[in-house]
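S.K.: Take this structure, written in structure tokens, and hold onto it; I'll ask about it next.
The values are calculated or read from the model by the stated rules, or taken from the named source; none is laboratory data. Everything numeric in this text was worked out from a predicted model, so none of it was measured. Virtual Cβ from ideal backbone geometry, glycine too; neighbours counted across all protein chains shown. Remember, those area values only see protein heavy atoms, side chains included, never the ligands or the DNA or RNA. Shrake-Rupley method; radii C 1.70, N 1.55, O 1.52, S 1.80 Å.
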Amino acid sequence: MVEQRPRVVSGIELWRWRNQAMQAAIANDISPYEVDWLLQEIAGLDRLALCLESFKDLSGIPMAMSLIDLEELWQRRLRDRLPAQYIAGITPWRQFKLMVSSAVLIPRPETECLIDLAVAAISQSEAIPPLDQGHWVDLGTGSGAIAIGLADALPKATIHAVDYSTAALEIAQANAQNLGFAERIHFAQGSWWEPLTSLKGQFSAMVSNPPYIPTETVATLEPEVMKHEPHLALDGGADGLDDIRHLIEVSSSYLRPGGVWLIEMMLGQADTVRELLQNQGSYCNIQIHSDLEGIERFALAYVNP
Ligand code: GLN
């Protein structure tokens, strides 16, 4: 029988752990606030209890994992640069808490803008029927973040979510289930549009955060990303644009006339992506949008009406 490690700790025990974890964080060039974020997620403590250290006096604090397991994972944070979100198994994204594991890329704050851009793209269009209805797809859904964001923002749309990785799809489906969107999102395994051939020409929109980092650059990313996040979700080939080129090439036959094509990309790719969209010949009203740091991060286009 597997021994059950105790999951209830005393306040004083957790207080001692927090102090040494914070010191170790500073010594290893990691923000000590990560410790408090982990304690909010894993021990259910609120920020005030952490600030005032009032949890120190509690006799029993129920934890999502034992202190021994937390310490083991924290050591991996320090030594292997395991991201804190993989320790907690959770990340905040828009108004959601999404489950994450090393099978999926940790959804980034900048990616949240894709949902607002999609909503804005609908209001700029005079398509009939309006674009907020019909089929929408998140290609390369990973944790399901974009699909869930779209399901929430577009109550009239049918959302599809595709990923090549079955392990990622399991996480995405669990997230949809936990957040109450299971009925709204259709999941499919496969490469980009491949599982959706029966709906060719019918999509109101495609949204994607594809891999876009050049292969050689992947090795230079911070160790949290390079060592722990799935390279399938990061590596976009020699110039980083392999998947974006594919999405430009094939998407116009899946989208309806006037449909929206919207992707995330990397610093320095905007001019090439705009040119690729122009040269393909099926797209109009091509727009580049910046993220909150001012980086040209998103490309949006409409299929010719
Ligand atoms: N934005 C991610 C990063 O900073 C990359 C995501 C992607 O390739 N789509 O690592």
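S.K.: For Lys200, list the lysines whose Cα falls under 24 Å from its own Cα; do not include residues on the same chain fewer than 8 positions away.
M.R.: Of all the lysines, those that pass the test against Lys200 - Cα under 24 Å, at least 8 places apart if same chain - are Lys156.
S.K.: Any idea what angle helix 113-123 forms with the longest principal axis of the chain, computed on alpha-carbon atoms, 0 to 90 degrees, nearest 10?
M.R.: Approximately 30 degrees, to the nearest ten.
S.K.: If you count only protein heavy atoms with a 1.4 Å probe, what accessible area per residue comes out for the chain, rounded to a whole Å²? List each step's numbers first, then the result.
M.R.: Numbers: 14350 Å² over 305 residues.
Counting only protein heavy atoms, the per-residue value for the chain is 47 Å².
S.K.: Given the peptides 267-273, 48-54, arrange them by the average over their residues of other C-beta atoms within 10 Å, most packed first. Kindly include the intermediate steps, with their values, before the conclusion.
M.R.: Values: 267-273: 16.0, 48-54: 12.7.
Per-residue mean Cβ counts within 10 Å order the peptides as 267-273, 48-54.
S.K.: Kindly express, to the nearest 10 degrees and within the range 0 to 90, the angle between helix 33-43's C-alpha long axis and the longest C-alpha principal axis of the chain.
M.R.: Tilt relative to the chain: about 80 degrees.
S.K.: Here is a follow-up. Would you mind estimating how fast region 206-305 diffuses translationally, via Stokes-Einstein at 25 °C and 0.890 mPa s with the Kirkwood radius over Cα pairs, in µm²/s?
M.R.: Details: Rh = 14.0 Å.
Here the translational diffusion coefficient equals 175 µm²/s.
S.K.: If packing is taken as the average count of other Cβ atoms within 10 Å, what order do 198-207, 211-220 fall into, highest mean first?
M.R.: Values: 198-207: 19.3, 211-220: 16.3.
Highest-to-lowest ranking by the protection proxy: 198-207, 211-220.
S.K.: I've got another one for you. List the residues whose amide H sits under 5 Å from the amide H of Ile61, counting only those 5 or more places along or on another chain, with H placed 1.01 Å from N in the peptide plane.
M.R.: Here the answer is Val9, Ser10, Gly11, since their amide H atoms fall under 5 Å of that of Ile61.
S.K.: Aspartates and glutamates near Lys97 by alpha-carbon distance under 19 Å, same-chain residues fewer than 8 away left out - which ones?
M.R.: Glu34, Asp36, Glu41, Asp46, Glu110, Glu112, Asp116, Asp138, Asp152, Glu170, Glu183, Glu229
S.K.: Arrange the peptides 23-34, 177-188 so that the one whose residues have, on average, the most other Cβ atoms within 10 Å appears first.
M.R.: Values: 23-34: 13.2, 177-188: 16.2.
Most protected by this proxy first, the peptides run 177-188, 23-34.
S.K.: I've got another one for you. Which whole-number percent is the relative contact order of the chain (Cα, under 8 Å, 6+ apart)? It would help to have the intermediate numbers written out before the result.
M.R.: Numbers: 551 pairs, mean separation 40.6, N = 305.
Once divided by the residue count of the chain, the mean separation gives 13 percent.
S.K.: Something else about it: To one decimal place, what orientation-averaged projected area in nm² is obtained for the convex hull of the Cα set of the chain? Intermediate values should be presented prior to the final figure.
M.R.: Details: hull surface 70.9 nm².
Taking the Cα atoms of the chain, their convex hull projects to 17.7 nm² on average.
S.K.: Express the carbon and sulfur contribution to the solvent-accessible surface of the chain as a percent, rounded to the nearest whole number, probe 1.4 angstrom. Let's see the in-between values first.
M.R.: Working: 7440 of 14350 Å².
Its accessible area is 52 percent carbon and sulfur atoms.
S.K.: For region 128-285, with the dipole built from +1 on Lys and Arg beta-carbon atoms and -1 on Asp and Glu ones, taken about the Cα centre, which of Ala161, Pro257, Thr220 lies farthest toward the positive end?
M.R.: Pro257
S.K.: At 222 nm, what helix-only mean residue ellipticity would the chain give, in deg cm²/dmol to the nearest 500, using -39500 (n - 2.57) for each DSSP H run of four or more?
M.R.: Details: 12 runs with 117 residues, N = 305.
Result for the chain, helices only: -11000 deg cm²/dmol.
S.K.: So how tilted is helix 166-178 from the main axis of the chain? Cα-based, degrees 0 to 90, rounded to 10.
M.R.: 80
S.K.: A follow-up question, please. Determine the order of Arg297, Arg108 by accessible area, beginning with the largest, at a probe radius of 1.4 Å. Let's see the in-between values first.
M.R.: Details: Arg297 25, Arg108 60 Å².
The residues order as Arg108, Arg297, largest area first.
S.K.: Let me ask something else. Looking at the chain, what % of its DSSP beta bridges pair antiparallel, to the nearest 5?
M.R.: Percent antiparallel among DSSP bridges in the chain is about 45.
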